[in-house]
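Chemist: Have a look at the structure that comes next, please.
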Amino acid sequence: MTLIDGKKIAAEIRAEIAAGAAAFRERTGRAPGLAVVLAGENPASVSYVTAKERACAEAGIRSFPVRLPADVPQETLLAEVARLDVDPEVDGILVQLPLPKGLDEQAVIRAIAPEKDVDGFHPVSLGRLLVGLDTFVPCTPAGIVELLLRSGVDPAGKHAVVVGRSNIVGKPLAALLSRKGRGGNATVTLCHTATPDLGAFTREADILVVAAGRPGTVGAGMVKPGAVVIDVGVNRVPDATKPRGYRLVGDVDHEAVDPVASLVTPVPGGVGPMTITMLLANTLKAARARA
Ligand SMILES: NC(=O)c1ccc[n+]([C@@H]2O[C@H](COP(=O)([O-])OP(=O)(O)OC[C@H]3O[C@@H](n4cnc5c(N)ncnc54)[C@H](OP(=O)(O)O)[C@@H]3O)[C@@H](O)[C@H]2O)c1
């Protein structure tokens, strides 16, 4: 088994993006801009947002932080998004999910101008993806396909099994892997909690992507020898030996699965760095399209 080094691959792509951002700044006199909206102080969200803003700075992308309290009224949040929609310095708008209870996530996503929808969650973006038009592809699925290609794994002709059908990972990934074109042309099976005997499906996978949000979703005897395993899960499990009192684990039981697989993404250091990288790529794409 070989580990796929998401950090290294992400760093290569980020260098390409930084060069693109510098050229954009040279041509237009301003840096590409990303608004980062965070409501509340959910610890995981705070750490994601911090990492995204740091990555922007390193790539020469200007971030516009917007911090709102957890009890922000829906109308105030929508008004913030509407303001960013027309701000000429802002090329992309990211609203960190999940939103605090009581806020209507889908309504906020729909308020983002599709040309600034760098997360790719707007129904227009997802619809364009489904019909094969150029669009902002959601960052985690886009990062997974890029990770596969740059690791020498072309999904074309392979059987890809995706565990999880969320709007941000599983469903758009299934669309990407099955579309006609680069990084696509796989035969895709999409599994979820109503799938009986999950292992019967995962054992058929040449490429297995697990995005279930539950540690140990895929374990011993569930992976075909030689399969490529992409572990998307990020779960905090209590660990008194760690300074923060927890450690991060994926959705795959790596002790059982890694010896059987050919290529595996670790957690952390696999898919995560690619997600942020694709956000930077989408922001640069938005800036170029708007300039
Ligand atoms: N590394 C990154 O950059 C990144 C980015 C995004 C998400 N993540 C992580 O990826 C995981 C998934 O995220 P998400 O937002 O897609 O989660 P989500 O919205 O909670 O969706 C989880 C999906 O997995 C399915 N599922 C859960 N347990 C299952 C099981 N035992 N067997 C089969 N299907 C199962 C659910 O099925 P039902 O639809 O039937 O409920 C659902 O479709 C989380 O750990 C999240 O933190 C990581």
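The numbers here are math on the coordinates, done by the rules we state, and not lab data. None of the values given here were measured: they were computed from a predicted structure. Positions of Cβ are backbone-derived with ideal geometry, glycine not excepted, and every protein chain shown enters the neighbour counts.
Chemist: Using only Cα atoms, tell me the angle between helix 74-85 and the longest principal axis of the chain; keep it within 0 to 90° and round to the nearest 10.
Modeler: 80
Chemist: I've got another one for you. Give me ASP134, ASP117, ASP154 sorted ascending by neighbouring Cβ count inside 10 Å, so fewest comes first.
Modeler: Least crowded to most crowded, the residues run ASP134, ASP154, ASP117.
Chemist: Sum up the charges of everything whose Cβ sits under 12 Å from the Cβ of LYS8, counting Lys and Arg as +1 and Asp and Glu as -1, but leave LYS8 out. Display every interim value, and only then the final one.
Modeler: Details: positive: LYS7, ARG14, ARG150; negative: ASP5, GLU12.
Result for the neighbourhood of LYS8: +1.
Chemist: Could you state the angle between the C-alpha long axis of helix 139-150 and the longest principal axis of the C-alpha atoms of the chain, as a value from 0 to 90 degrees rounded to the nearest 10?
Modeler: With both axes taken from Cα atoms, the answer is about 60 degrees.
Chemist: Right, something else. In what order do GLU115, GLU105 fall by count of nearby beta-carbon atoms within 10 Å, going from fewest to most? Can you show the working numbers first?
Modeler: Details: GLU115 16, GLU105 13.
Ranking GLU115, GLU105 by Cβ neighbours within 10 Å, fewest first, gives GLU105, GLU115.
Chemist: Here is a further query. Using Cβ contacts closer than 10 Å as the measure, can you line up LEU68, LEU126 from fewest to most? Spell out each step's value before the answer.
Modeler: Numbers: LEU68 18, LEU126 21.
If I rank by nearby Cβ atoms, fewest first, I get LEU68, LEU126.
Chemist: Measure off 7 Å from each Cα along the Cα-to-Cβ vector at LEU133 and ASP239, then give the distance between these two points in nanometres to one decimal.
Modeler: 4.5
Chemist: Stick to Cα atoms and the Kirkwood definition of Rh, then tell me Rg/Rh for region 38-111.
Modeler: My calculation puts Rg/Rh at 0.95.
Chemist: Dimensions of region 82-222 along principal axes (Cα, Å, largest first)?
Modeler: Rounded to whole Å, the extents work out to 52, 36, 24 Å.
Chemist: Where the centre of each part is set by its Cα atoms, how far does region 225-279 sit from region 31-57, in angstrom?
Modeler: If we compute the Cα centre of each part, the gap is 22 Å.
Chemist: As a test of understanding, state the convex hull volume per residue of region 23-148 from its alpha carbons, in Å³.
Modeler: So the per-residue Cα hull volume is 122 Å³.
Chemist: What list of ³J(HN,Hα) couplings, whole Hz, do you get for region 100-114 from phi and the Karplus terms 6.51, -1.76, 1.60, once you set θ to phi - 60° and write x for glycine and proline?
Modeler: Values per residue, Gly and Pro as x: x, 3, x, 9, 8, 4, 5, 5, 5, 4, 5, 6, 6, 4, x Hz.
Chemist: Now, a different point. The chain: D in µm²/s via Stokes-Einstein (Kirkwood Rh, Cα pairs, 20 °C, 1.002 mPa s)?
Modeler: Stokes-Einstein gives a translational diffusion coefficient of 109 µm²/s.
Chemist: Listed here are the pairs LYS101/LYS285; LYS8/LYS180; LYS52/LYS180; LYS101/LYS171; LYS7/LYS52; which of them are more than 22 Å apart at the Cα?
Modeler: LYS101/LYS285; LYS8/LYS180; LYS52/LYS180; LYS101/LYS171
Chemist: So, in Å, what gap is there between the alpha-carbon centers of region 147-197 and region 67-136?
Modeler: One Cα centre to the other: 25 Å.
Chemist: Per the helix-only calculation at 222 nm, which mean residue ellipticity applies to the chain, given -39500 (n - 2.57) for every DSSP H run of n ≥ 4 and division by its residues, nearest 500 deg cm²/dmol? Walk me through the intermediate numbers first.
Modeler: Numbers: 10 runs with 118 residues, N = 291.
That calculation yields -12500 deg cm²/dmol at 222 nm.
Chemist: For region 204-272, take every pair of Cα atoms, bin their distances at 10 Å starting from 0, and report each bin as a whole percent.
Modeler: Going from the shortest bin to the longest, the percentages are 24, 51, 20, 5.
Chemist: Sticking with this structure for a sec: Note the angle between two axes, namely the Cα long axis of helix 271-290 and the longest principal axis of the Cα atoms of the chain, as a number of degrees from 0 to 90, rounded to the nearest 10.
Modeler: 40
Chemist: Rg and Dmax of region 139-273, using alpha carbons, in Å: what are they?
Modeler: 14.2, 48
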